[in-house]
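Visitor: I'd like to ask you about the structure that follows.
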């Protein structure tokens, strides 16, 4: 039956900022949805607060609202746009929860808006644990025994029935937030206490432990004619107990017989029918007792999920795209399979390869956090790899992680270490895979490790196989063809073979290639080659037949950014995707190389060809060779995917690969301190005094010379990894001793730290002659907080024209001095009206998407074309990609103000004692994502950014204030204003005294260090936990107050109220709160902003 | 490492790998099967007799072999082609390794070959004769190997049902498969290579099944006093099944309700007077979409057929054997429009080309067993003697609304028509 004709406009709700558990995969699914809706001729309205997404590009919707995804704001959008329908199933839990709220509060009914893709009844049946248990039962299947509780007393009672250990899961939270395993009553009290807070319905599920069972997931689709297909089965390498997002997962399921698999399929179909997901996708998770085969249904998601994105990439079946079509009334048999073109989507993909996904963690950013893996997801990204067997896929996936120590280590294991490794492997951590493999290498048996970990013996045997091959490699005596073939067939990299044979990677590669042992590229085709595939979506394998088709034009390769991590996230994928789009539009054949399944870049129709491959030198060189032999390569872009491809630049150039855009020499010029300071000298610019140290003595000398405080960091880093502000010599000594590996190859950079400086970020384009300044961003927090964690505003709100002009001149001089061809990002600091250059990165930056959204100019697209030789002049005139005149430094005064705010993951991470980690910001980046607030004025834009970051500022209530001595003077005005606005100010000790002397009535409360009073009066932390405080403002100071501050911030973070830790942000918040109380928010689409901006630019032009 | 082995195709293409299972020579028709689960069911499916089966799923043998999942008394594939054979099985029901089972039953296999390349080759150049040679047999020259393959019998014109069928009749009782109470019906089922799950599916529904050898006569059928008649799947070229076609016609003339699966579908097609033809590379997998034209619904089916019935796709047509009245194509493959089911409108008979008994594969089509029971009920009660009184209109919403859509246009006719006789 063809699509519904009664729908003319649809509102799509996005997923908001990238957070743990809800990441780039929803940009991938949302972007597919928007493309389908547009193709189908509907008017498309989008709300998403995340500017770093492709879906919020204005051309993907008719009206794009970068606004907070809250029921109030979405209601305003509905009132303004009057869509016929809302599609909430592609924006993760955020979109689904928003839709439920809009249904509950009557907005959907009021505006006569239909929910498509899912109905409320189905969402509730799927998500409400108690109701879902009923569903499972009616389907003739089993759930784990469980109790739903709403109070601690109920929890303790349930424990008597279920016994320990027991799983605790709060209802309606995403990514398993607040879930945990309780081994005893103390655990139970703690986890349930938090869980009741996290759950919007104060509901927590307690259930029997199925720890150690095999875990599976089925991805399903159903249409309105009740046709159901299973898109993909996924098996978790890690048994039940580790969140599937943190688990190594494998597709297809590898250790089930057909009978068992069909049982899961039958249950899934019965469940999807009973729940009533009738036009879209869902996934269902299962646990199977490895001893008896007893099947337990764990849960379902009645929407497109993280696993759907993985399943789409793993199989080639575009779940989000097809789900969107189903929501419009199509049936599966009416939708063609894009890949085969001739067969319909009403089939089940079959794989002739193995897919392995490995999570990427960021525990190094949270040293206090416990790295035990639990049912709360903690990974920040993932890498996927495909191979013609499990071992090949696993090893490719591990090297895709691009993290020190991520690859398996085959160096010999002393016998004494084996029991220790087995013991350690009992606790699931990020290290478990390595512990297991090394224990096996050291002589432990598969049975020993199954006993310790419950990882399926088949997988353990595969690790054993890798160990055996490592011995064969070592014992081969030479790099023989047979040995190399066998090693490559099981995924060993040239580097690994080199390490085992005491050869360099280059020697291994040389010999291997001379022997003609090269990977072939197979095609992901959904059907195991039963039908011809028309989409060039490739993966490498050491096998016989290559499938890369001849191409008529030389290709342009774009190297992606690999797995998402803190400091290198979706923003870089955005630039890669834009480059591919712009280059294809300009007539080039583009080739994307990436290994991140969450992203838009790895959608098979973004580029002319997609290679799903690790981004190591070896893997990239082989892709280039494949492209060379099938039609030639014009060049490679390394400047778009962040540090990952950038660090390959020189080696690729050495291998004779043409680098498009900025040359490796220029990259080096910007990255190397000495060379870069010569560029600055020549341009008459200065940087903070600095030096490079290769020992503590060095470091001390430099620090003494330039004066404390100093900023110390390892060279060549992204995201401020290991960066710290050091105030004195003992701390410098500690930093050098603990935090870094310091060698002549890995020096430590020491900079004078500029206190109270305003930090300025610039993104610009340079073509060798002309510069286009994309945007100047003023940071809200002062220098010292990593730019990725700091809020910033564009256009700058406190910088004078003169400063902007100096920034502009400096940017041009640096771009020219470095020799940039394309994008450059420069960070400046303005201290006492002196402009310092902090650093320059000759590549796409994290802020490119924000600048592009805020100014309506797509910079990455322009950069890609500059890389092919197009000039900025041409981009302004012929290509209409840049404005004809002016740039981001000449925005009119009535241009909208955009605020970027970082979103931080502190609530996910617990210390060994079970408290959340400290939320203080610093020079090391820890945010996972960002949101944007855009409005006429800064105050409302900032307020929107806070609401979008799930950190909505209060408009009334109690505010706790406690600041360090140095800040006391600067907060009085703001606190006074809040008090005048009717807030109750609560404070402790010295801050309270200062406030009272300034005429502010501050209610005194007990400090954490003081403890509860004899009468039972609690401390400020107790008040926060009890929900009596609406906002915390605490700036850190040394000593006792610091730990007091930690308890307080931890309390605020764990219950999710705003916790402001800098004066600058506090002042912004005061403005925002006042604006919130004065003006009602209005919503404006990017298209409207662009139109009015164009108008005022035109007016300005006419005046000029 | 095991001994070298070679897969040799009749067009001269040779893939080298290493030996798997027994060592020696295996000759047969090379076909690929795309299921990701169910290798034990696959190798024990008699329809694979005289075929060398390429598994497209790369890991085979992971769950070992057990005594419950076999679809017949032995392994029938003539040879087995896999990429990565499991070193150790892992499953709570596993009793022994697949490798051991293959050795014990003398099945010659090959591992470590590019199964995807082989599949693509067969897809592009159609299924063909092939040989697996391992150990000493692999030492021969390429020419000798190809000659050996060329000397083997082609599938077309092969009469194999009698070879795989049981010699003695046996009965499958409902009470042994969870049915409480007396059997509702009795049927005679001709074993042309029947899979074990088929009689089980009947028995679960209260139907007593007399499984008869492929050589059974009308008298043998009548002797069990059946309410219905069934013909199973099986290997070989349906064009050779004259005996079974004759038997079926005599049964149809008796107005006994008929249900056929796979080979049983082709025999019904021939009995009605249609021809059969060989597909380029067949349908062998458990993910095959089929449209049930009576309900407009899609079912994901288990399939294993190299031949198909040549019947007009759209609407009711007069059977060439006019005494059987009108017939329609009830089920069609959504991948390539191959006839996947026939329904007689004037006599109580229908059949499907695919495998509603699954094993391996999805259970979507299990309703067909119920449909047959309804047909037997109708015949017994004298209500209807055929399928034409089914509520076609009500159950055909898709077609009713699809105004002007016209006849389905063949999409992927490569597989369907190339070798049409």
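Visitor: Among the candidates A:993, A:1044, A:1022, which residue alone is more than 26 Å from residue A:970 (Cβ to Cβ) and in a helix (DSSP H, G or I)? Steps first, please.
Guide: Details: A:993 fails: more than 26 Å from residue A:970 (Cβ to Cβ); A:1044 fails: more than 26 Å from residue A:970 (Cβ to Cβ).
From the options A:993, A:1044, A:1022, the qualifying one is A:1022.
Visitor: Quick check, is residue A:442 surrounded by 15 or more Cβ atoms within 10 Å (Cβ to Cβ), within 34 Å of the chain's Cα centre (by Cα) and more than 24 Å from residue A:246 (Cα to Cα)? Spell out the reasoning first.
Guide: Values: surrounded by 15 or more Cβ atoms within 10 Å (Cβ to Cβ): yes; within 34 Å of the chain's Cα centre (by Cα): no; more than 24 Å from residue A:246 (Cα to Cα): yes.
No.
Visitor: Within region A:320-348, can you find the residues that are in contact with a helix residue (DSSP H, G or I) (Cβ under 8 Å, 6 or more places away or on another chain), at the interface with chain B (Cβ under 7 Å from one of its Cβ atoms) and not in a helix (DSSP H, G or I)?
Guide: A:344, A:346
Visitor: Tell me, which helices (runs of 4 or more DSSP H) wholly within region A:452-522 include 3 or more residues that are in contact (Cβ under 8 Å) with a residue 40 or more places away in the chain and within 14 Å of chain B (Cβ to nearest Cβ)?
Guide: On the way: elements: A:457-475, A:481-489, A:494-501, A:505-514.
Once the helices (runs of 4 or more DSSP H) in region A:452-522 are filtered for at least 3 residues that are in contact (Cβ under 8 Å) with a residue 40 or more places away in the chain and within 14 Å of chain B (Cβ to nearest Cβ), what remains is A:457-475, A:481-489.
Visitor: Taking region A:850-871 as the search range and keeping residues that are over 21 Å from residue A:634 (Cα atoms) and touching a strand residue (DSSP E or B) at 6+ places or on another chain (Cβ under 9 Å), which one is surrounded by the fewest Cβ atoms within 10 Å (Cβ to Cβ)?
Guide: Per the criteria, the residue is A:857.
A quick yes/no check of all residues on (1) away from chain B (no Cβ under 14 Å); (2) touching a strand residue (DSSP E or B) at 6+ places or on another chain (Cβ under 6 Å):
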| site | (1), (2) |
| --- | --- |
| A:204 | yes, yes |
| A:207 | yes, yes |
| A:215 | yes, yes |
| A:221 | no, yes |
| A:229 | no, yes |
| A:235 | no, yes |
| A:241 | yes, no |
| A:245 | yes, no |
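Visitor: Do any residues in region B:170-186 that are on the phi < 0 side of the Ramachandran plot have Cβ atoms under 6 Å from those of residues that are assigned to a loop (DSSP other than H, G, I, E, B), where the two are at least six apart or on different chains, and which pairs are they?
Guide: B:174/B:183; B:174/B:206; B:179/B:206; B:183/B:206; B:184/B:206; B:185/B:227; B:186/B:226; B:186/B:227
Visitor: Residues of region A:523-550 being more than 19 Å from residue A:338 (Cβ to Cβ) and not in a loop (DSSP other than H, G, I, E, B), which ones?
Guide: The answer is A:540, A:541.
Visitor: Testing residue A:712 on (1) modelled with pLDDT under 90; (2) surrounded by fewer than 17 Cβ atoms within 10 Å (Cβ to Cβ), one condition comes back false. Which one is that?
Guide: Here residue A:712 clears every test but (2).
Visitor: Any residue at all in region B:65-72 that is under 22 Å from residue A:390 (Cα atoms), within 14 Å of chain A (Cβ to nearest Cβ) and crowded, with 24+ Cβ neighbours inside 10 Å?
Guide: So in region B:65-72, the residues under 22 Å from residue A:390 (Cα atoms) come out as B:65.
When the remaining residues are screened for being within 14 Å of chain A (Cβ to nearest Cβ), the result is B:65.
Next, only the ones that are crowded, with 24+ Cβ neighbours inside 10 Å stay: B:65.
Yes - at least one qualifying residue is present in region B:65-72.
Visitor: Regarding residue B:366, is this residue modelled with pLDDT under 95 and either over 21 Å from residue B:265 (Cα atoms) or surrounded by fewer than 18 Cβ atoms within 10 Å (Cβ to Cβ) (or both)?
Guide: On the way: modelled with pLDDT under 95: no; either over 21 Å from residue B:265 (Cα atoms) or surrounded by fewer than 18 Cβ atoms within 10 Å (Cβ to Cβ) (or both): yes.
Judged against the criteria, residue B:366 is not a match.
Visitor: Of all residues in region A:743-765, count the ones that are under 29 Å from the mean Cα position of the chain (by Cα) and surrounded by 24 or more Cβ atoms within 10 Å (Cβ to Cβ).
Guide: 8
Visitor: For region A:877-930, name all the residues that are under 20 Å from the mean Cα position of the chain (by Cα), farther than 14 Å from residue A:1053 by Cα and surrounded by fewer than 23 Cβ atoms within 10 Å (Cβ to Cβ).
Guide: Correct list: A:922, A:923.
Visitor: Checking the structure you have, find out if any residue of region A:101-120 is under 30 Å from residue A:857 (Cβ atoms) and over 29 Å from the mean Cα position of the chain (by Cα). Working first, answer last.
Guide: The first filter runs over region A:101-120 and keeps only residues under 30 Å from residue A:857 (Cβ atoms), leaving none.
Scanning region A:101-120 turns up no residue that is under 30 Å from residue A:857 (Cβ atoms) and over 29 Å from the mean Cα position of the chain (by Cα).
Visitor: Considering only region A:590-622, how many residues are free of Cβ contacts under 8 Å to residues at least 60 places away in the same chain and in a loop (DSSP other than H, G, I, E, B)?
Guide: Summing the residues that are free of Cβ contacts under 8 Å to residues at least 60 places away in the same chain and in a loop (DSSP other than H, G, I, E, B) in region A:590-622 gives 3.
Visitor: Something else: Restricting to region A:372-397, count the residues that are crowded, with 24+ Cβ neighbours inside 10 Å, within 14 Å of chain B (Cβ to nearest Cβ) and assigned to a loop (DSSP other than H, G, I, E, B).
Guide: Residues that pass the stated criteria total 1.
Visitor: Does residue B:41 satisfy the criteria of being buried (at least 22 other Cβ atoms within 10 Å of the Cβ), within 11 Å of chain A (Cβ to nearest Cβ), outside any loop (DSSP other than H, G, I, E, B) and out of contact with any strand residue (DSSP E or B) (no Cβ under 8 Å at 6 or more places or on another chain)?
Guide: Details: buried (at least 22 other Cβ atoms within 10 Å of the Cβ): yes; within 11 Å of chain A (Cβ to nearest Cβ): yes; outside any loop (DSSP other than H, G, I, E, B): yes; out of contact with any strand residue (DSSP E or B) (no Cβ under 8 Å at 6 or more places or on another chain): yes.
When the stated conditions are applied, residue B:41 passes them.
Visitor: Which strands (runs of 3 or more DSSP E) sit wholly inside region A:53-171 and have at least 1 residues that are buried (at least 23 other Cβ atoms within 10 Å of the Cβ)? Even if it seems obvious, please write down each step before you answer.
Guide: Details: elements: A:63-65, A:85-87, A:146-149, A:166-170.
Correct list: A:63-65, A:85-87, A:166-170.
Visitor: Could I ask something else about it? Quick test of your reading of the structure: residue A:357 fulfils all but one of (1) free of Cβ contacts under 8 Å to residues at least 60 places away in the same chain; (2) part of a strand (DSSP E or B). Name the failing condition by number.
Guide: If we test residue A:357 against (1) free of Cβ contacts under 8 Å to residues at least 60 places away in the same chain; (2) part of a strand (DSSP E or B), just (1) comes out false.
Visitor: Take residue A:561 and decide whether it is more than 14 Å from every other protein chain (Cβ to nearest Cβ), touching a residue at least 12 places away in the same chain (Cβ under 8 Å), crowded, with 24+ Cβ neighbours inside 10 Å and under 22 Å from residue A:314 (Cα atoms). Working first, answer last.
Guide: Details: more than 14 Å from every other protein chain (Cβ to nearest Cβ): yes; touching a residue at least 12 places away in the same chain (Cβ under 8 Å): yes; crowded, with 24+ Cβ neighbours inside 10 Å: yes; under 22 Å from residue A:314 (Cα atoms): yes.
When the stated conditions are applied, residue A:561 passes them.
Visitor: Out of B:82, B:108, I need the residue that is within 14 Å of chain A (Cβ to nearest Cβ), surrounded by 18 or more Cβ atoms within 10 Å (Cβ to Cβ) and within 26 Å of the chain's Cα centre (by Cα). Which one? Show your work before the answer.
Guide: Details: B:108 fails: within 14 Å of chain A (Cβ to nearest Cβ).
After ruling out the rest, the residue left standing is B:82.
So that you can scan it fast, the table gives a plain yes or no per residue for (1) more than 14 Å from every other protein chain (Cβ to nearest Cβ); (2) surrounded by fewer than 24 Cβ atoms within 10 Å (Cβ to Cβ):
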position	(1), (2)
A:259	no, yes
A:263	no, yes
A:267	no, yes
A:272	no, no
A:275	yes, no
A:284	yes, no
A:289	no, yes
A:295	no, yes
A:314	no, no
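Visitor: Next up: From B:88, B:129, B:120, which residue is within 14 Å of another protein chain (Cβ to nearest Cβ), in contact with a helix residue (DSSP H, G or I) (Cβ under 6 Å, 6 or more places away or on another chain) and crowded, with 17+ Cβ neighbours inside 10 Å? Can you show your working first?
Guide: Working: B:129 fails: within 14 Å of another protein chain (Cβ to nearest Cβ); B:120 fails: in contact with a helix residue (DSSP H, G or I) (Cβ under 6 Å, 6 or more places away or on another chain).
Answer to the selection: B:88.
Visitor: Do you know which residues across region B:44-59 are over 17 Å from the mean Cα position of the chain (by Cα) and surrounded by fewer than 24 Cβ atoms within 10 Å (Cβ to Cβ)?
Guide: As a first pass, look at region B:44-59 and keep what is over 17 Å from the mean Cα position of the chain (by Cα): B:56-59.
Hit for region B:44-59 is B:59, nothing else.
Visitor: Inspect all residues belonging to region A:400-418 and state whether any of them is buried (at least 24 other Cβ atoms within 10 Å of the Cβ) and not assigned by TED's automatic domain parsing to the domain that holds residue A:571.
Guide: Taking region A:400-418 and keeping what is buried (at least 24 other Cβ atoms within 10 Å of the Cβ), we get A:400.
Next, only the ones that are not assigned by TED's automatic domain parsing to the domain that holds residue A:571 stay: A:400.
Yes, the conditions are met somewhere in region A:400-418.
Visitor: Could you tell me how many of the residues in region A:792-832 are farther than 23 Å from residue A:939 by Cα, without any contact (Cβ under 8 Å) to a residue 24 or more places away in the chain and in a loop (DSSP other than H, G, I, E, B)?
Guide: The qualifying residues number 1.
The values are calculated or read from the model by the stated rules, or taken from the named source; none is laboratory data. This structure is a prediction, so every number in the text was calculated from the model and none was measured. When we count neighbours, we look across all protein chains shown, and the Cβ atoms used for this are built from the backbone with ideal geometry, even at glycine.
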